[in-house]
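The values are calculated or read from the model by the stated rules, or taken from the named source; none is laboratory data. Computed from a prediction, not measured in an experiment: that's the story for all the values here. Here the Cβ positions follow ideal geometry from the backbone for every residue, glycine too, while neighbour counts run over all protein chains shown. What goes into the accessible areas is simple: the full protein's heavy atoms, side chains included, and nothing from ligands, DNA or RNA. Shrake-Rupley method; radii C 1.70, N 1.55, O 1.52, S 1.80 Å.
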Amino acid sequence: MPRTHADCLAPDKPEFLDLLPAGAALTRLATGFIWAEGPVWFGEFNELRFSDIPNNRMLRWSARDGMSVWRERVEFTNGHARDRDGSLLHCSHGLRAVFRTDVDGSNQRTVVDRWQGKRFNAPNDVVVKSDGTIWFTDPPYGLIIPEEGHG
């Protein structure tokens, strides 16, 4: 059921109203995940892909098909970004790496999993700069939070 954006904001944060057009409505599109992160839009399929980290899966949503599981046992992926070649980059708490997957979910390969001989903690968020360099964060979440990795 659509609600106005004002209904969804804490009364102590009215500045968020400035970010949305007046009268904008929010609509719940899907449920059934513990928490969702790392959304990436695939315009060529008209779908959104994102992670449900504690359930160790990636989901997809489209207006045509609704929500479905795209891949399971994804090694607690979190942040995602499209690379310049169209492939999908993932930050993986479970693999402690940034890896790449072809758009159809095949051909998974590691981009980077260590720096100066040391393993990463739990890569978390990723962006691709206009020059093609890949930037990501590496907090300890997947090592210290059981629902987010292997510990």
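Scanning the range 46-73 for residues that are outside any strand (DSSP E or B) and in contact with an Asp or Glu (Cβ under 6 Å, 6 or more places away or on another chain), which turns out nearest to P123 (Cα to Cα)?
As a first pass, look at the range 46-73 and keep what is outside any strand (DSSP E or B): 46, 53-56, 63-65, 73.
Now drop any that are not in contact with an Asp or Glu (Cβ under 6 Å, 6 or more places away or on another chain), which leaves 53-54.
Details: I53: 13, P54: 15 Å.
If we take residues in the range 46-73 being outside any strand (DSSP E or B) and in contact with an Asp or Glu (Cβ under 6 Å, 6 or more places away or on another chain), then I53 is nearest to P123 (Cα to Cα).
Could you look through the range 117-151, keep only residues that are closer than 10 Å to H93 by Cβ and polar (S, T, N, Q), and pick out the one that is least open to solvent (accessible area, probe 1.4 Å)?
Per the stated criteria, the residue is N124.
Are there any pairs, at least 6 apart or on different chains, whose C-beta atoms fall under 8 Å, with the first in the range 128-151 and among the basic types (K, R) and the second open to solvent by 60 Å² or more (accessible area, probe 1.4 Å), and if so, which?
Going by the 8 Å Cβ cut-off, the qualifying pairs are K129/W135.
Between residues in the range 41-57 that are among the polar types (S, T, N, Q) and at pLDDT 95 or above and residues that are open to solvent by 30 Å² or more (accessible area, probe 1.4 Å) and part of a strand (DSSP E or B), which pairs lie under 6 Å by C-beta distance while being six or more apart or on different chains?
Every condition considered, the pairs that remain are S51/E37.
Quick one: in the range 69-85, which of the residues that are out of contact with any Leu (no Cβ under 7 Å at 6 or more places or on another chain) and without any contact (Cβ under 8 Å) to a residue 60 or more places away in the chain is most open to solvent (accessible area, probe 1.4 Å)? Talk me through it step by step, then tell me what you get.
Of the range 69-85, the ones out of contact with any Leu (no Cβ under 7 Å at 6 or more places or on another chain) are 71-74, 76-79, 84-85.
Filter once more, keeping what is without any contact (Cβ under 8 Å) to a residue 60 or more places away in the chain: 71-74, 77, 79, 84-85.
Values: R71: 44, E72: 113, R73: 188, V74: 5, T77: 1, G79: 3, R84: 157, D85: 108 Å².
The extreme case among them is R73.
Of everything in the range 31-44 that's surrounded by 14 or more Cβ atoms within 10 Å (Cβ to Cβ) and hydrophobic (A, V, I, L, M, F, W, C), which residue is nearest to E148 (Cα to Cα)? Spell out how you get there, then give the answer.
Start the filter on the range 31-44 by keeping residues that are surrounded by 14 or more Cβ atoms within 10 Å (Cβ to Cβ), which leaves 33, 36-38, 40, 42.
Filter once more, so that each one left must be hydrophobic (A, V, I, L, M, F, W, C): 33, 36, 40, 42.
Working: F33: 14, A36: 12, V40: 19, F42: 25 Å.
In this case the residue turns out to be A36.
Could you grab me the full set of residues in the range 96-116 that are open to solvent by less than 60 Å² (accessible area, probe 1.4 Å) and out of contact with any strand residue (DSSP E or B) (no Cβ under 6 Å at 6 or more places or on another chain)?
Of everything in the range 96-116, those that are open to solvent by less than 60 Å² (accessible area, probe 1.4 Å) and out of contact with any strand residue (DSSP E or B) (no Cβ under 6 Å at 6 or more places or on another chain) turn out to be D102, V103, S106.
Is one or more of the residues making up the range 45-55 open to solvent by less than 80 Å² (accessible area, probe 1.4 Å), of a type in the set (G, A, S) and within 24 Å of D104 (Cα to Cα)?
To start, the set of residues in the range 45-55 that are open to solvent by less than 80 Å² (accessible area, probe 1.4 Å) comprises 47-55.
Still in the list and also of a type in the set (G, A, S): 51.
Restricting the remaining residues to those that are within 24 Å of D104 (Cα to Cα) gives 51.
Yes, because at least one residue in the range 45-55 is open to solvent by less than 80 Å² (accessible area, probe 1.4 Å), of a type in the set (G, A, S) and within 24 Å of D104 (Cα to Cα).
Would you kindly identify the strands (runs of 3 or more DSSP E) lying entirely within the range 74-151 that contain at least 2 residues that are modelled with pLDDT under 95?
Numbers: elements: 77-82, 88-92, 97-101, 109-112, 126-128, 134-136.
Result: 77-82.
Give the number of residues within the range 56-68 that are touching a strand residue (DSSP E or B) at 6+ places or on another chain (Cβ under 9 Å) and open to solvent by less than 70 Å² (accessible area, probe 1.4 Å). Spell out the reasoning first.
Residues of the range 56-68 that are touching a strand residue (DSSP E or B) at 6+ places or on another chain (Cβ under 9 Å), as a first pass: 56-65, 67-68.
Next cut, open to solvent by less than 70 Å² (accessible area, probe 1.4 Å) only: 56-59, 61-62, 67-68.
Final tally of qualifying residues: 8.
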